[in-house]
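To start, the structure under review is shown below, and the notes come after it.
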Amino acid sequence: MMKKLAILALILFVVPLSAQALVYTGSLSISGGGLTGVDNWANDAMISWEITQEGSNWLYVYTLSREDGGWFDGPAVSHFTLEVSPDVNTETDFWDFDGSPVEFGDKDGIENAMKLDYGDNEQLQWSFRSNRIPTWGDFYATGGSENGNAGVHGAMWNSGFNDLDPLDLSPSADVTNKILRPDTGYTPVPEPSTMILMGLGLAAAGVVRRRRQK
């Protein structure tokens, strides 16, 4: 019996460790009220994200599209700007960019920002890897020229742009006017199912310990 309990405890400890990889997805849209757009993107635009934990690092993927997931009818996107932590090391904290060149600094009204240039007038996607954990913040995207006309034709940003970031920095918090972006200072809390399994593992280990003491 004691051997079976020891095996159960080992399984319950191993399962939570293998379940630590987290994936956070979300989106903001014009019709949903979490996204603000002007000109060509005033009525039909969406930003979505998928952020996947890879050990101690994270894969960040952002997609701009119409609300039905289709391609834009409007202008090419000039660039995509994303808030980052003020203490980032621009040489070591980000890599594997799909969308370049990359600039850091005060961009588009965001004091600490990463600016990525990439785009055409279809569906757009940017991605990169980082050792920075996800938390809530701002983004800004703007269109370029259309049909040879100079100037900006379209822009979009999260409706809580430059508002104070939420007090609950957890990536799983219920936030409707910010997007997930890389930052520091928050340690992800295990998902409820993982915490339950960890608790069961600890309980089983306690039973084994008490039986050995007898």
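Quick look at the numbers
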item: Per-residue Cβ neighbour rank within 10 angstrom, fewest leading, Glu83, Glu111; result: Glu111, Glu83
item: Over region 28-193, volume per residue of the alpha carbon convex hull, in Å³; result: 120 Å³
item: Order of Phe80, Phe139, Phe161 - criterion: other Cβ atoms within 10 Å of each residue's Cβ, fewest first; result: Phe161, Phe80, Phe139
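Computed from the coordinates by the stated procedures, all read-outs in this text should not be read as laboratory data. From a predicted model like this one, the values you see are computed outputs, not experimental measurements. Glycine also receives a Cβ, built like all others from the backbone with ideal geometry; neighbour counts cover every protein chain displayed.
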